[in-house]
C-alpha cells in the first residue's frame, strides 16, 4: 500500500505539471468559442462608428429623434450595456473630462443643458475619415491609434487624434472599452 502511494504521487505530480505547463493555452482553447479579433473587424467598427456620428447629426438636422439615434449608436459601439468599465475621454471635454457612464457619453454626443456639452455629434458632420497609425491585437482585445478627420457641412475637415480599445461584448460583437481623443498640440 505504501508502495502504491509512492507510485501515485509521481503520476499525479506529472499530470499536474503537464496541466500547469500547457494550462494557459489548453484552457483558452477549450473554454473559448469566440474568434480572435481581426484587423478587418477593427476597420469595420471604425467605419460604423463614423457613420453613426454622421447619422446622429443628420437625424438632428432633419428634426428627428437624435437622442434615440445617439442611444442606438452608444449601445451599438460601446461596452456600457454589458456593465463593463469604459474609459472615455472625449475631445471637447474640459470640466467633465471622463465619461464612464452611458448618460455621460450621451450628454457628450447630443448635449445637455447646464453642462459644457454642446453635442459633439449634432455639429453635424458629413463624413468621418480614419488614418490608423497602428493596430495592436491580442486575440480578445485590440487597440488602434491614429488620426480621424471630421468633415463639417462646409466641407472643412478637423483633424483629431484618437486611441480606441476594443473587446467583444456578450453577443461576440466588437465594442469600444477605451476611447481617448484630443485635438493636436498647437504651439501658438
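Going through segment 75-126 one residue at a time, which ones are within 17 Å of residue 181 (Cα to Cα) and assigned to a strand (DSSP E or B)?
78, 87, 88, 89, 125
Going residue by residue through segment 74-92, is there one that turns out to be surrounded by 14 or more Cβ atoms within 10 Å (Cβ to Cβ), over 20 Å from the mean Cα position of the chain (by Cα) and more than 18 Å from residue 147 (Cβ to Cβ)?
no
Do we find that residue 64 is over 24 Å from residue 135 (Cβ atoms) and exposed (fewer than 15 other Cβ atoms within 10 Å of the Cβ) in this structure?
Considered against the rule, which asks whether it is over 24 Å from residue 135 (Cβ atoms) and exposed (fewer than 15 other Cβ atoms within 10 Å of the Cβ), residue 64 comes out as yes.
State the number of residues belonging to segment 132-170 that are part of a loop (DSSP other than H, G, I, E, B) and within 15 Å of the chain's Cα centre (by Cα).
Counting residues in segment 132-170 that are part of a loop (DSSP other than H, G, I, E, B) and within 15 Å of the chain's Cα centre (by Cα) gives 5.
Just to be sure before I move on: is residue 174 surrounded by 18 or more Cβ atoms within 10 Å (Cβ to Cβ) and at pLDDT below 95 in the structure I sent?
Judged against the criteria, residue 174 is not a match.
What do you reckon, is residue 123 touching a residue at least 24 places away in the same chain (Cβ under 8 Å), surrounded by 17 or more Cβ atoms within 10 Å (Cβ to Cβ) and under 17 Å from residue 163 (Cβ atoms)?
On the way: touching a residue at least 24 places away in the same chain (Cβ under 8 Å): yes; surrounded by 17 or more Cβ atoms within 10 Å (Cβ to Cβ): yes; under 17 Å from residue 163 (Cβ atoms): no.
Against the criterion (touching a residue at least 24 places away in the same chain (Cβ under 8 Å), surrounded by 17 or more Cβ atoms within 10 Å (Cβ to Cβ) and under 17 Å from residue 163 (Cβ atoms)), residue 123 does not qualify.
Out of 169, 152, I need the residue that is farther than 13 Å from residue 179 by Cβ, assigned by TED's automatic domain parsing to the domain that holds residue 68 and touching a residue at least 60 places away in the same chain (Cβ under 8 Å). Which one? Let's see the steps before the verdict.
Numbers: 152 fails: touching a residue at least 60 places away in the same chain (Cβ under 8 Å).
Result of the check over 169, 152: 169.
The values are calculated or read from the model by the stated rules, or taken from the named source; none is laboratory data. From a predicted model like this one, the values you see are computed outputs, not experimental measurements. Here Cβ is always computed from backbone atoms with ideal geometry, including for glycine, and neighbour counts include all displayed protein chains.
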